[in-house]
Amino acid sequence: TISEALGAGEILLNCIDNDGVGQGFDIELVRLVSDAVSIPVIASSGAGVPEHFSEVFEKTKASAGLAAGIFHRREVGIDQVKEHLRDAGVASESEDDFDEDVDEDV
């Protein structure tokens, strides 16, 4: 794709129509983009429950899922998502692989 040819190392895919609604990632859009490129695709916008993360990984080739609002508003805890993904058998980075820079007290 042109993005890859110009040197993009990953794509942060934000579906503005889903942003903040909590109804899930735009699976069709994430699938179309992740199938079309060879670089990592980060799915963004729409997560409202932990199951939305496993769904995007099971139904697309997304390399990562991004959410912010559900964590800031304390609707879902980061640990809940990690536990759900672990229980669903979705591989994720080990906590030892990166420094988690999240302030749970904000």
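The numbers here are math on the coordinates, done by the rules we state, and not lab data. In this text, all values refer to a predicted model and were calculated from it rather than measured experimentally. Positions of Cβ are generated from backbone atoms using ideal geometry, with glycine treated the same way; all protein chains shown enter the neighbour counts.
Which of the residues belonging to the range 1-27 are hydroxyl-bearing (Ser, Thr, Tyr) and surrounded by 13 or more Cβ atoms within 10 Å (Cβ to Cβ)?
Ser3
What number of residues within the range 70-90 satisfy the criterion of being under 19 Å from Ile27 (Cα atoms) and under 13 Å from the mean Cα position of the chain (by Cα)?
Total satisfying the criteria: 4.
Mind listing whichever residues of the range 58-69 are within 9 Å of the chain's Cα centre (by Cα) and either of a type in the set (D, E, K, R) or surrounded by 21 or more Cβ atoms within 10 Å (Cβ to Cβ) (or both)?
Ala62, Gly65, Ala67
Would the range 4-17 turn up any residue that is part of a helix (DSSP H, G or I) and acidic (Asp, Glu)?
yes
Tally up the residues in the range 28-48 that are in contact (Cβ under 8 Å) with a residue 24 or more places away in the chain, in contact with a Ser or Thr (Cβ under 9 Å, 6 or more places away or on another chain), hydrophobic (A, V, I, L, M, F, W, C) and crowded, with 19+ Cβ neighbours inside 10 Å, please.
3
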